[in-house]
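Read the structure below first, then the notes.
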Amino acid sequence: MKALIFDKSGLENLKLKEIDKPEPGPHEALIRVKMAGVNPIDYRVVTSMKVTPMPHIPGAEISGIVEEVGERVTRTKPGERIVVYGKIFDETCDLCLSGKETICRNGGILGVVTNGGFAEYVSLPEKNVFRIPDWMSWEIAASVPVAALTPYHALREAGLRLGEFVVVVGASGNTGTFAVQFAKKAGAKVIAVSRKEWLKDFGADYVVRPEEMVEKVGEITGGNMADVVVNSIGVEMWEKSFSVVGPGGRYVTFGALTGGEVKLNLSSFYNKHIKLLGTTGGSREELLEVMEVCKDCKVKLWKVFGLEEGRKALESLSARDRDGRIFIKVS
């Protein structure tokens, strides 16, 4: 089979190679990959992260068709259209047993602690494989494991309530577009921080430019500021976005694309009774909920690359004219 693989860090080392097709173990399903989402974590896997095994296949967000199953697989059948839950977990630690497999003490991320899905085939445990509805497009399916699940979990952790004001920073990004949609579905008033007016078609009630965020959020909320702020991009918007959290508000973050070292004004933090939340991924239960909620979700599609264009796909994440999601169509 063909796979994108590298033997040392650097995009220049990512090559399309012919390797052996994996054989599913007793509890595994062999997946023929159809569509893979391209994410910042895939770029960091190739360029800077410590990963295993080496040589390594990246790809954290994949969907496809079950080709073959192991002898002890009972729930999954060949021919099913599926999405892959992208967290590796042991099911036995205290966190897994309490439904928090996304932060398993002995786990990690597909494509980081294991080979990923930028390949024609991947073999994975049945517990990571979930059938998708017949109506679901491959673009939505390939967005469920990271782009959709991450903000869904974050907004749940933030306890978003009907009628609250939500500010989404980085609203036109992979996770941002889904954060806007899920917040709107929850009955919130959504303020998208972006220069992209098309976000109103995704549920944003207001679109404000980053440089005007503080002033505009104040105007829109009558001076009360935001109940919930979602920041997926990191340090670049940290100070401005933290300043728009209102008294008793919640600030939730799950990304560090622009850096992860920030300063925190403690007096502002505790005087306003702000809750600061860090989240990552989501549970398998939440993944199933996302697929139910996403019957009318949208994906802003920018470019689809072939597997042989994997390096170009990763480079395009930082393209100045990027306007939507990037996918790798495998088969």
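The values are calculated or read from the model by the stated rules, or taken from the named source; none is laboratory data. Remember, predicted model here, so these are calculated numbers, not experimental data. As a convention, Cβ positions derive from the backbone with ideal geometry for all residues, glycine included, and neighbour counts pool all protein chains shown.
Of the residues making up region 298-307, not a single one is among the hydrophobic types (A, V, I, L, M, F, W, C), touching a residue at least 60 places away in the same chain (Cβ under 8 Å), touching a Gly at 6+ places or on another chain (Cβ under 9 Å) and under 30 Å from C96 (Cβ atoms). The condition of being among the basic types (K, R), assigned by TED's automatic domain parsing to the domain that holds L16, under 19 Å from the mean Cα position of the chain (by Cα) and modelled with pLDDT of 95 or more holds for only one of K303, K312, that being K303.
Within region 235-243, can one find any residue that is touching a Ser or Thr at 6+ places or on another chain (Cβ under 7 Å), in the same structural domain as R161 (by TED's automatic domain parsing), surrounded by fewer than 21 Cβ atoms within 10 Å (Cβ to Cβ) and touching a residue at least 12 places away in the same chain (Cβ under 8 Å)? Within region 235-243 (the criterion being touching a Ser or Thr at 6+ places or on another chain (Cβ under 7 Å), in the same structural domain as R161 (by TED's automatic domain parsing), surrounded by fewer than 21 Cβ atoms within 10 Å (Cβ to Cβ) and touching a residue at least 12 places away in the same chain (Cβ under 8 Å)), the answer is yes, since at least one residue qualifies. Taken over region 254-291, the criterion of being assigned to a helix (DSSP H, G or I) and modelled with pLDDT of 95 or more is satisfied by R284, E285, E286, L287, L288, E289, V290, M291. On inspection, R131 passes the criterion of being basic (K, R) and in contact (Cβ under 8 Å) with a residue 40 or more places away in the chain. Looking across E139, E68, one residue alone is under 15 Å from the mean Cα position of the chain (by Cα), surrounded by fewer than 21 Cβ atoms within 10 Å (Cβ to Cβ) and either not in a loop (DSSP other than H, G, I, E, B) or not acidic (D, E) (or both). It is E139.
Residue under question is V214, and the condition is that it be modelled with pLDDT of 95 or more, under 20 Å from L276 (Cβ atoms), surrounded by fewer than 24 Cβ atoms within 10 Å (Cβ to Cβ) and among the hydrophobic types (A, V, I, L, M, F, W, C); does it hold? Yes.
Conditions tested, residue by residue: (1) in contact with a His (Cβ under 7 Å, 6 or more places away or on another chain); (2) at pLDDT 95 or above; (3) surrounded by fewer than 24 Cβ atoms within 10 Å (Cβ to Cβ); (4) not assigned by TED's automatic domain parsing to the domain that holds K312.
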site	(1), (2), (3), (4)
L124	no, yes, no, no
G159	no, yes, yes, yes
T177	no, yes, no, yes
V193	no, yes, no, yes
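Of all residues in region 15-40, exactly one satisfies the criterion of being among the aliphatic types (A, V, I, L, M), crowded, with 24+ Cβ neighbours inside 10 Å and not in a strand (DSSP E or B), namely V38.
Determine if region 41-57 includes at least one residue that is surrounded by fewer than 15 Cβ atoms within 10 Å (Cβ to Cβ), free of Cβ contacts under 8 Å to residues at least 24 places away in the same chain and out of contact with any Leu (no Cβ under 7 Å at 6 or more places or on another chain). Yes, region 41-57 contains at least one residue that is surrounded by fewer than 15 Cβ atoms within 10 Å (Cβ to Cβ), free of Cβ contacts under 8 Å to residues at least 24 places away in the same chain and out of contact with any Leu (no Cβ under 7 Å at 6 or more places or on another chain).
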